[in-house]
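The values are calculated or read from the model by the stated rules, or taken from the named source; none is laboratory data. Here the structure is a predicted model, which is why all the values come from computation and not from measurement. Neighbour counts are summed over all protein chains in view; Cβ atoms, including those assigned to glycine, are modelled from backbone coordinates with ideal geometry. For accessibility, only protein heavy atoms count, side chains too; no ligands or nucleic acids. Shrake-Rupley method; radii C 1.70, N 1.55, O 1.52, S 1.80 Å.
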Amino acid sequence: MSKTAENEGALETRGIEQVPDHERTARTRELFPTWVGANISVLLLTMGASLVVAYRLNFWQALVVAGAAPVVSYGLVGLIGIAGKRGGAPGMALSRAVFGQRGNLLPGSLIWVARWGWETINAVTGAYALLTVLDIVFGIRANSVLDMVTLLAFVVATFAISGLGINAVQKCNKYAAYLFGAFSVLVLGYLVVDTDWSAVFDRSAGSVAAMITGVGLIAAGGVSWIPSAPDFTRYLPRTASSKGIVGVTVGGAGIVVLPMVLMGAVMAVSTPDLASAADPVSFLGEILPTWIAVPYLLIALIGMLLINSMSMYSAGFTAQTLGFKVPRHWAVSVNAVISLVFGGVLMLVATSFMGSFIAFLSLLAVAFSAWVGVFGADMLRGREYDGEALADTGRTSAYWYRGGFSPAAVVAWAVGLAAGLMFTTSDWFTGPLATDNFVGEYGLGWVATVVISALLYAVLPKPALIVPDARAERAEQPEAETVTV
């Protein structure tokens, strides 16, 4: 935790500016409950069920998928998180050094909009969890008015936690991780006793293509956190272990993702409708006894609150990098209102929650991966971040490059994004190259996006920085020459 946050109380007032070295007193192990909390979601159960029902995988294949997905996705989260300890600023603020002060608005806007969808999905899932508890405990049936009331309550609670800042988010994650872990053990124990294991293990194996696509499905949730990784590592000292950051990130996510996905796969054997349920939560009230279902749903509700709080916390920084001249906690309110509106539409209009969710994940992974490829390739060049230049959005910034843009980064990002979409298949969109090739058939559009963006950025010529002495000259001249450093 930062000394500033501790001294000023619960409300974190720091925005996208660089954290001074003397305030960077966090410890690497504090990331563990952060990434545990980021995965406390019953959606993992539904995705685990999809591996069995939609992808036709058996238990052992689901085990491989559930183990590989968090290693791949949260390995990338941890690697990009290293930039946070280097630069001491949120991810989309550090991104200015790569794309240029104006160029950063392009990926920043897309990532911000993509977060609307992610926060909407989480808000709706949280509302469904509350509706299910009301039905089980009090016999209150859902209706349109109650749907909106529970959604509003969830969004308001999310705004309150995320608005307070990193201390509130991390403390809530810590205690939620303990509670969720304890009750997950109870659910696992119940499944061990109640499940027909012969039916689980007698299923025939699915295809390798389905396994690889399944890894992409589960990994997409982790990929969505990659641009946010520096937001949670910026209070770490520069001397923090890079290996430790990656290891703790993968460990915190994996300890939740693996058992949750497997539990969903096991549940789907006896309840195949789970993968296509109208909502992703109510099935728990039917599968589990009340004494387990109610507290588990309440803890899952808290988990969804924390996931959305973390997302909105990062979205507040993204909004600030886009030019919203308001404190971070008020920038968060923009996403809160948007998730309320979109969530209402999804609950009242959508006919298939899971179909909409999987389609969204397919496109979300590509949208985030184009930025990951460029930013990650830039990190490999040993990028150091100038706090003054990051904060200076004018022509005098060292990151102004050419008219505020880094052509290499913007071109690599745009080409990678377009290429990835061409290989992507979803209910909403199918690219022209999504069939008759390895990349499209194996659901690797998001991987292609990362690779193409990274390689293109690596080979394109980079614009030079301007040294401090040249900044004043650039401020006075329309087109000052760049000076190589």
Taking segment 228-243 and keeping only residues that are of a type outside the set (Ser, Thr, Tyr), surrounded by 15 or more Cβ atoms within 10 Å (Cβ to Cβ) and part of a helix (DSSP H, G or I), one is left with ALA229, PRO230, ASP231, PHE232
Test each condition in (1) at pLDDT 80 or above; (2) under 23 Å from ALA129 (Cβ atoms); (3) not aliphatic (A, V, I, L, M) for PHE357 and report the one that comes out false.
-> (1)
Quick one: how many residues across segment 14-35 are open to solvent by 10 Å² or more (accessible area, probe 1.4 Å) and either farther than 19 Å from SER241 by Cβ or in contact with a strand residue (DSSP E or B) (Cβ under 7 Å, 6 or more places away or on another chain) (or both)?
-> 7
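Every residue, every condition in (1) assigned to a helix (DSSP H, G or I); (2) at positive phi; (3) modelled with pLDDT of 85 or more; (4) acidic (Asp, Glu), yes or no:
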position: GLN101; (1), (2), (3), (4): no, no, yes, no
position: ASN122; (1), (2), (3), (4): yes, no, no, no
position: LEU130; (1), (2), (3), (4): yes, no, yes, no
position: THR150; (1), (2), (3), (4): yes, no, yes, no
position: CYS172; (1), (2), (3), (4): yes, no, no, no
position: ALA177; (1), (2), (3), (4): yes, no, no, no
On the given criteria, is SER207 within 30 Å of the chain's Cα centre (by Cα) and closer than 30 Å to ALA434 by Cα?
-> yes
Kindly check whether there is at least one residue in segment 205-216 that is touching a helix residue (DSSP H, G or I) at 6+ places or on another chain (Cβ under 7 Å) and among the β-branched types (Val, Ile, Thr).
-> yes
Just need a number here: residues in segment 361-396 that are of a type in the set (Ser, Thr, Tyr), more than 20 Å from the chain's Cα centre (by Cα) and at pLDDT below 90.
-> 2
Picking from ALA89, ALA38, ALA66, ALA93, the residue that is at pLDDT 95 or above, open to solvent by less than 10 Å² (accessible area, probe 1.4 Å) and either under 30 Å from ILE287 (Cα atoms) or touching an Asp or Glu at 6+ places or on another chain (Cβ under 9 Å) (or both) would be ALA66
Are any residues in segment 440-457 under 21 Å from ILE218 (Cα atoms) and either open to solvent by 30 Å² or more (accessible area, probe 1.4 Å) or at pLDDT below 90 (or both), and if so, which ones?
-> GLY440, GLU441, TYR442, GLY443, LEU444, GLY445, TRP446, VAL447, VAL450, VAL451
Failed criterion for ALA412 (all others in (1) in contact with a Gly (Cβ under 9 Å, 6 or more places away or on another chain); (2) farther than 30 Å from LEU51 by Cβ; (3) not in a helix (DSSP H, G or I) hold) = (3)
Output the residues belonging to segment 44-99 that are touching a Pro at 6+ places or on another chain (Cβ under 8 Å) and not in a helix (DSSP H, G or I).
-> GLY88, ALA89, PRO90, SER95
Can you confirm whether segment 421-439 contains a residue that is of a type outside the set (Phe, Trp, Tyr), open to solvent by 30 Å² or more (accessible area, probe 1.4 Å) and under 30 Å from ALA93 (Cα atoms)?
-> yes
Looking for whichever is open to solvent by 30 Å² or more (accessible area, probe 1.4 Å) and not hydrophobic (A, V, I, L, M, F, W, C) here; the options are GLY206, GLY222, GLY189. Which one fits?
-> GLY189
Tell me, please, whether a residue that is farther than 30 Å from ARG14 by Cα and within 14 Å of the chain's Cα centre (by Cα) can be found in segment 72-86.
-> yes
Are there any pairs, at least 6 apart or on different chains, whose C-beta atoms fall under 6 Å, with the first in segment 125-145 and closer than 18 Å to LEU45 by Cα and charged (D, E, K, R) and the second open to solvent by less than 50 Å² (accessible area, probe 1.4 Å) and assigned to a helix (DSSP H, G or I), and if so, which?
-> none
When PHE283 is run through (1) modelled with pLDDT of 95 or more; (2) of a type outside the set (A, V, I, L, M); (3) in contact with a Leu (Cβ under 6 Å, 6 or more places away or on another chain), the failure sits at (1)
Counting only residues that are more than 28 Å from GLY81 (Cα to Cα), of a type in the set (Gly, Ala, Ser) and buried (at least 24 other Cβ atoms within 10 Å of the Cβ), segment 96-151 contains a total of 2
